[in-house]
Amino acid sequence: MDDLPLADLVAFTAVARERSFREAARKRGVSASSLSEAVRRLEERLAVRLLNRTTRSVTPTEAGERLMERLTPAMSEIAVALDDINSFRDSVGGTLRLNVPTVAAIVVMPDIISRFLKQYPAISVEVVAEDSFIDVVAAGYDAGVRYDERLEKDMIAVPIGPRQQHYITAAAPAYLATNGAPQHPRDILEHRCIRHRFLSGSIAPWEFERNGETIFIAPSMVVATNSIEIERSAAVAGLGIIRTFREFLAPQIARGELVPILEEWDTAFSGPFLYYANRRHMPASLRAFVDFLNLEQRRSRDR
């Protein structure tokens, strides 16, 4: 057993963690068939079934669970050992894996990642955008991005991107000309609205705040979607009122396709944070990213 290939053990842990050959292959950038073959080789060498496979699911057997428990810390130590070699290189390398909400993927991450990679060209970045709340460490990510109300208490948080953002309300000129503009958030109950549906299926009420007064409105909807592109298109087409991040609507407002309404009820909130586990050995790519973000925040404060 001394000559068990490390690559096959890595393939097994990836599939066991994701409970899916396809998802593990997507995250590792390989084919599902190559992972399947690696697991098959490992099971043949060990003469033990490690995974139960059906057309709908992949679950570790009891032997697979036990092997996974022993391999996970060992794989982490190997990753740390390899990452420590970065200190002997002229430039920091490695892969940085991030899990971020959709809004951050659209309005925050592109410019930051571009600037970061120009400074650290030997690093590669993998970004998965999703709005579900996951354990980033258990899912194999180095760090995540979330807003402060969603941060886990035992994580280290570093500011990333704008330190204040706004939720605004808008509608197309044609819609307002036909239906009039609401003068108070409660007037929205008489209007058609375009609302955001999360992947979980939930649709959050609209929250308005002014001078310490907070109002929650659940208006009727003509469109509900998890796609900001569909939301914006519906609003520009005059189908109803939209309420979302200011950054999402800025181009349409600048072109006159949408008009802000209820501006005194715009909601301000703190910007997002990068968060990661407090661990003794931080991957060099993550350490470089944290240092980069801290420097950007200091420069922003000094302006």
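The values are calculated or read from the model by the stated rules, or taken from the named source; none is laboratory data. Quantities reported herein were computed from a predicted structural model and do not represent experimental measurements. Heads up, the Cβs are rebuilt from the backbone with ideal geometry, glycines too, and the neighbour counts pull from every protein chain shown. Only protein heavy atoms, including side chains, enter the accessible area calculation; ligands, DNA and RNA are left aside. Shrake-Rupley method; radii C 1.70, N 1.55, O 1.52, S 1.80 Å.
Using only the alpha-carbon atoms, what does the stretch 14-61 span along each of its principal axes? Please give whole angstrom values in decreasing order.
The principal-axis extents, from largest down, are 28, 19, 17 Å.
For the chain, take the longest principal axis of its alpha carbons; what is the angle in degrees between that and the long axis of helix 284-302, to the nearest 10 within 0 to 90?
Between helix and principal axis, roughly 30 degrees.
Among SER57, SER270, SER285, which one moves the most in a GNM of the chain with springs linking Cα atoms closer than 10 Å?
Among SER57, SER270, SER285, the largest mean-square fluctuation in the Gaussian network model of the chain belongs to SER57.
With the cut-off at 1.5 for a/c, could you classify the chain from its C-alpha gyration tensor as rounded, prolate or oblate?
Since a/c reaches 1.5 and a/b is larger than b/c, the shape of the chain is classed as prolate.
I need to check one value: relative contact order of the chain, counting alpha carbon pairs closer than 8 Å and at least 6 residues apart, in percent.
Relative contact order of the chain: 20 percent.
Roughly how many debye, to the nearest 20, is the charge dipole of the stretch 6-63 about its Cα centre, given +1 on each Lys and Arg Cβ, -1 on each Asp and Glu Cβ, and no other charges?
220 debye
Can you tell which of SER202, LEU71, GLY144 lies farthest toward the positive end of the dipole of the chain, using +1 and -1 charges on the Cβ of basic and acidic side chains (Lys, Arg; Asp, Glu)?
With unit charges placed on the Cβ atoms, the residue in question is LEU71.
Report the residue, chosen from LEU46, LEU189, LEU286, that carries the largest GNM mean-square fluctuation when the chain is represented by alpha-carbon nodes joined by springs under 10 Å.
Ranking LEU46, LEU189, LEU286 by mean-square fluctuation puts LEU46 first.
Over the chain, what percent of the accessible surface lies on carbon and sulfur atoms, probe 1.4 Å?
51 percent
Can you work out the accessible area per residue across the chain, with the rest of the protein chains kept in place, probe 1.4 Å, in square angstrom?
Normalised by residue count, the accessible surface of the chain is 54 Å².
What range in the chain is the longest one free of GluC sites (Glu not before Pro) that are in a loop by DSSP and have at most 16 other Cβ atoms within 10 angstrom?
153-303
Set the Förster radius R0 to 41 Å, insert the Cβ-Cβ distance between GLU23 and ILE156 as r into 1/(1 + (r/R0)^6), and round the FRET efficiency to 0.05.
0.90
Please work out whether the stretch 164-269 counts as rounded, prolate or oblate from its C-alpha gyration tensor, where a ≥ b ≥ c are the square roots of the eigenvalues and a/c under 1.5 means rounded, while otherwise a/b larger than b/c means prolate and anything else oblate?
Details: a/c = 1.22, a/b = 1.08, b/c = 1.13.
Rounded is the answer for the stretch 164-269, as its axis ratio a/c remains below 1.5.
Along the charge dipole of the stretch 160-237, pointing to its positive end and built from +1/-1 on Cβ of Lys, Arg, Asp and Glu, which listed residue (ILE230, ALA171, ALA218) has its Cα farthest out?
It is ILE230.
Taking +1 at the Cβ of each Lys and Arg and -1 at the Cβ of each Asp and Glu, which of LEU274, ALA7, SER57 sits farthest along the dipole of the chain towards its positive end, judged by Cα position relative to the Cα centre?
ALA7
Restricting to Cα pairs below 8 Å that are 6+ residues apart, what does the relative contact order work out to for the stretch 6-63? Please round to a whole percent. Display every interim value, and only then the final one.
Working: 59 pairs, mean separation 19.7, N = 58.
With pairs under 8 Å counted, the relative contact order is 34 percent.
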